[in-house]
Amino acid sequence: MSIAVVLNLTGILLNALEVVLIFVFGISPLTRKEGPVYLYTTEEIDNKKSAINKKDSMYKLLSRIGLLLCIIAAVFQMLSCFLPAICGRI
């Protein structure tokens, strides 16, 4: 199996993973479209150790990881296309 094929497959797998991460964690947990409405006091929102802030920071981190995986996957797939042309047949 050539390096180009491995890079391409890795890029495709990373794309699949990033789509799941962005889909699941890309929308803020504070945005609710249905179900019960929760009211938070300003003290709860301002408290950095509150559950809502911990969940919000986790969602932001995982959505950014998803975006980073998207960029890495695109680079791998571009390399898999151009690597054989640059380095000869690998």
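Laboratory data are not the source of any read-out in this text; all were calculated from the coordinates shown. All of these numbers come straight from a predicted model, not from anything done at the bench.
Summary table
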{"quantity": "Chain lengthening between residue 6 and residue 71 when straightened (0.36 nm per residue, less Cα-Cα)", "calculated": "21.7 nm"}
{"quantity": "Whole-Hz couplings from phi, Karplus 6.51/-1.76/1.60, listed for the range 64-77; x for Gly and Pro", "calculated": "5, 4, x, 5, 5, 4, 4, 5, 4, 5, 5, 5, 4, 5"}
